Every structure is written in structure tokens, then in C-alpha cells.
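Down below is the structure, laid out as C-alpha cells.
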Amino acid sequence: MGQSAEFGKFLKAMRSRLKPEDGGLPGTSGVRRVPGLRREEIARLADVSTDYYTRLEQGRNIHPSRAVLDSVARALRLDSSEQAHMMDLLENCAKSQRPPLPAQSVRPALKQLLDAVGSVPALVLGRRTDVLAGNHLAFLLLADFPSMPAAERNLTRWMMLDPRAKELFRDWNSVAAEAVGTLRVDIGRHPDDAQANQLVGELAVQSENFRLWWAGHRVARRSAGSLRLHHPVVGDLELNVENLTLPDDPDQVLRVFSAKPGSPTADSLTLLGSFGAEAATVWEPTQTTDNTDASGAGFLTDSA
């Protein structure tokens, strides 16, 4: 049933988090047999029949109108990111075998930009939150992605499996959960991405937190935010984060970390940048296909 099944699972997960009062329904005494609202209650709130909503949750091959989907989204109290993900799941149903996704590369002008903003950490993230490129300060701040095997150059994987990430992020639980939500958005856009599904399987086996958050079907599409870090070299940092989706490739995001001018964090970033300044070059993997061997063959570290 392909991605239609994921669409149904998402609706069920969103329904399970609701309480009767969330939908303006009278409370009930006693314990409910299932978490959240019942199917018939969501159907009533969405002004559709219970049978129709049940078929939606079961991933049946039906084609709801946009008006019906909007009504279901309101009934489930979806935010804009969740509603967009719901539409991705429905529109990207795997009806036939699709060709492999092309390899991603970073435009020369974007690499020049990474070099130009060398005083602030910056990364280019691709599908699956793969680290496609970055400047030296970003790798000093987070992790030495260029030295990792090709299959491990992924921000979510590093955040979930590397103990040093838990030490670095002072709010690791919320940051890691959001990373998982970002990965789920990507899966919704590209359900046939074999590498993404392999990554999900690996993380589900190795991380109990990942299994829990993935089962909750949380999605995340934040364009901006903040981070609190405890860096092993320069101590506590408070950073602003901007996620800029590239207009010519919506599967690439420029993530920039910055600090308030004159703040202790700004001074700490300057100090951090002084370490290994002679190696301060922009890094990206050489051109490869998405089927590159996990050993890392075909990748190198060099300047732009």
C-alpha cells in the first residue's frame, strides 16, 4: 500500500494525541480504551462520515478533496508544518517504481558564500539532513564531518548516536527530537529514497529515543530558532540559527549559526575560529552518486 499506509498512520498518531476538550467535545468519565479521540469523533468534527474517515486512516486508495483534507486537518488540530506533511504523504504515494534520486551537489557560488561568512558557522544540508558542505568554523563548533566515513556524514545520525552530541547540546532532548521531525518531513517528500529508509532502520535499531520520537510522527519545519551549547573548548554558547531553503533546490538548506554582536558568545566564536585557522577552508564531498560506497571512497576534503 506504500505511502498511503504512512498517510493513515500519521492521521492515527495525530488523533491519538488529542483530548475530548481539544475538539470541544464533552468529557467522558472513566478510562478510554484507546488514546486520544475516537474515529467517529474526528469524523464528526471534520463533517465526514465515520466510514470515510476510517478508510482514510486505513490507507485505502481514495482521493479526498482539498476541502475534506482541510476539514480533517482542522479536526486534528494540525499546525502548518503538520498539514504540509500530511499533503506530502498523500501526494507522494508510491504508485510505481521511481528512478533513483540524483546526487546532490553544492553550487560554486554557495561554496563562495560559505567561505565569505567564515566568521560564523554555516552548513549546507541536503536530503536526509546529509551534510553536503560547510565551513571550518561549523565543524569546529559541531563535529568533524569531513573526517567521517561517507555514510556517517549525516546531522541526525550524528546527533542521535554520538555521545558527544548529548554533551554539546544543553537541550539535547528537544534538539534531537526536532532533528527526527525534520527527517520525517524529508521521508514524506521522498518516500522512495532507499538511503533515507536505511538510515531510519539503523537509527531505530540503535536508539531508543529515535524509536519513540519516530513512532510519534512528529514533524518539524522551523526556519529559525536558537541553540544552547556547552562546547568542550570555549564553554557555554547561545546561538541563533537560520535555516534558509535554497530557491533552486528545495532539498538543500543553508543553516547559519550566529551570535549577538558584542556578546560573550560572539567572543567565544572568535576564539574558536582561531584554532586551526590555517585549515579554514570550505569543505564539500566530491561529485558522486547517492549510491557511493559507505567506505567513503570518492570523497575528499579541500578548499572551495
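Just so you know, all these numbers are worked out from the coordinates, no wet-lab data involved. Just so it is clear, the structure is predicted and the values come from calculations on it, not from any experiment. A quick note on method: Cβ atoms are made from the backbone with ideal geometry, for glycine too, and the neighbour counts reach across all protein chains shown.
The order of Glu238, Glu21, going from fewest to most other C-beta atoms within 10 Å of their C-beta, is Glu21, Glu238.
Considering only the other residues whose Cβ falls under 11 Å of the Cβ of Ala5, what net charge follows from Lys and Arg at +1 and Asp and Glu at -1? With Lys, Arg at +1 and Asp, Glu at -1, the neighbours total +1. Which is farthest toward the positive dipole end of the stretch 104-163 among Leu123, Met159, Phe139, measuring Cα position about the Cα centre, with Cβ charges +1 (Lys, Arg) and -1 (Asp, Glu)? Checked the options; the winner is Leu123. Close amide-amide hydrogen proximity is noted between Val219 and no other residue 5 or more places distant or on a separate chain, at a cut-off under 5 Å (H modeled in the peptide plane; Pro and chain starts excluded).
Extension gain, Ala224 to Asn209: 0.36 nm times the residue separation minus the Cα-Cα distance gives 3.0 nm.
Counting neighbouring beta carbons within 10 Å and listing from fewest to most, the residues Met159, Met148 come out as Met148, Met159.
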